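Have a look at the structure below before the remarks.
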Amino acid sequence: MNQPIAHPNRSAGLVELRIPSKAEWVAVARLAVAAVANRLNFSIEDIEDVKLAVAEACTNCIQHAHGSDQIEITCETDSDALTIRVRDYGQGTRPEAIQSRRVDEPRVGGLGVFLIRSLMDAVEYDVHPERGTNLVMTKKVTA
């Protein structure tokens with residue numbers, strides 16, 4: 001008799017992680033977020049989407065947040081969604097540079113933002129020149 005494993009406390013979870021703002025630490029963020037997403041009823045494909053979006057967000061922090069030595073990742077679970085905040089405290093890019101991008105647009109850079117917007121259900125950026133960048137991404141569970 002194989003019965004599905006019940007996962008108690010699937011809602012209202014909060015996980016916080018701080019990693020150095022270095023490329024070798026992005027894998028840690030991906031694994032942590034995958035573990036949190038696995039607590040919800042996400043498909044394997046959705047978990048992979050979340051991991052890629054977080055990797056792109058962290059990579060953007062590393063490449064563009066000058067003066068920030070750490071990245072904060074916060075995962076908040078609800079019964080039907082995962083909200084992830086990726087924050088740095090560096091001097092980042094101009095707010096108008098973080099726009100939805102067309103794939104056929106002939107310019108270098110910006111593909112990470114396009115991927116994040118494509119993979120997640122909701123994406124919001126709060127960019128402040130002195131306080132850093134706060135990215136909030138939400139992925140809804142589709143059952």
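Structure values in brief
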{"quantity": "Residues being in contact with a Lys or Arg (Cβ under 9 Å, 6 or more places away or on another chain), free of Cβ contacts under 8 Å to residues at least 60 places away in the same chain and of a type in the set (Val, Ile, Thr) - total across the range 129-143", "calculated": "1"}
{"quantity": "Members of the range 67-81 that are surrounded by 19 or more Cβ atoms within 10 Å (Cβ to Cβ), hydroxyl-bearing (Ser, Thr, Tyr) and either within 13 Å of the chain's Cα centre (by Cα) or part of a strand (DSSP E or B) (or both)", "calculated": "Thr77"}
{"quantity": "Where a residue in the range 51-66 is free of Cβ contacts under 8 Å to residues at least 24 places away in the same chain and its partner, wherever it lies, is of a type in the set (Gly, Ala, Ser) and assigned to a helix (DSSP H, G or I), with Cβ under 9 Å and at least six apart", "calculated": "Lys51/Ala29; Lys51/Ala34; Lys51/Ala37; Gln63/Gly112"}
{"quantity": "Residue list for the range 32-53, filter: in contact with a helix residue (DSSP H, G or I) (Cβ under 8 Å, 6 or more places away or on another chain) and assigned to a helix (DSSP H, G or I)", "calculated": "Val33, Ala34, Ala37, Asn38, Asp46, Ile47, Asp49, Val50, Lys51, Leu52, Ala53"}
{"quantity": "Residue match in the range 87-94 (condition: exposed (fewer than 14 other Cβ atoms within 10 Å of the Cβ) and in a loop (DSSP other than H, G, I, E, B))", "calculated": "yes"}
{"quantity": "Long-range neighbours under 6 Å by Cβ, at least six apart or interchain, first residue in contact (Cβ under 8 Å) with a residue 12 or more places away in the chain and under 18 Å from Val141 (Cβ atoms) within the range 110-128, second outside any strand (DSSP E or B) and basic (Lys, Arg)", "calculated": "Val123/Arg117"}
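A short reminder: the numbers here are calculations on the coordinates, not readings from a lab. Bear in mind that the values here come from a model prediction, so they are computed numbers and not experimental data. Cβ sites come from the backbone with ideal geometry, for glycine too, and all protein chains shown count toward neighbours.
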